[in-house]
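These notes concern the structure reproduced below.
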Amino acid sequence: MGKFGEELIESAREALAIAEGRIEPARIIRPEAIDVAAIRKDLKLSQGKFAARFGLSAATVRDWEQGRRVPDRIARNLLLVIRHAPETVERALLAETAGRRSPHR
């Protein structure tokens with residue numbers, strides 16, 4: 001077996017030991033909480049308009065803001081992009097919607 005194979009097996013053993021609680025992980029990365037309400041309010045949008053503009057469910061936005069749910073990794077990434085470049089996200093979503101209606105696509 002090559003070096004890569006040995007490292008892979010050792011990594012699997014380490015993952016099992018962490019899962020079983022026999023050892024502590026080298027580090028734990030916890031993503032920072034994201035303030036969905038602040039992002040929405042900075043854009044001066046209601047929950048419904050924010051959801052519609054960015055292809056989200058209004059109920060999901062409400063649940064995020066009220067702490068009943070937490071955005072998953074992909075939703076968090078989208079929210080970060082919305083926070084920094086909302087026009088870019090909106091253009092991409094509009095282009096995708098227009099592309100689906102185009103018979104040339």
message: Using Cα springs under 10 Å in a Gaussian network model of the chain, which residue among Ala92, Ala52, Ala15 shows the largest mean-square fluctuation?
response: Ala15
222 nm mean residue ellipticity, helices alone, for the chain (DSSP H n ≥ 4; -39,500 (n - 2.57); rounded to 500): -19500 deg cm²/dmol
query: With the chain treated as a Gaussian network of Cα nodes joined by springs under 10 Å, which of Glu32, Glu20, Glu90 yields the largest mean-square fluctuation?
result: Glu20
query: With the radius of gyration and the Kirkwood radius both derived from the Cα set of the chain, what is their ratio Rg to Rh?
result: 1.20
query: Which of Arg27, Arg53, Arg13 moves the most in a Gaussian network model of the chain with Cα springs under 10 Å?
result: Arg13
message: Below 8 Å between Cα atoms, with a sequence gap of 6+, how large is the relative contact order for the chain in percent?
response: 18
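Each value in this text was obtained by applying a stated rule to the coordinates, not by laboratory testing. Bear in mind the structure is a predicted one, so any value in this text is a computation, not a measurement.
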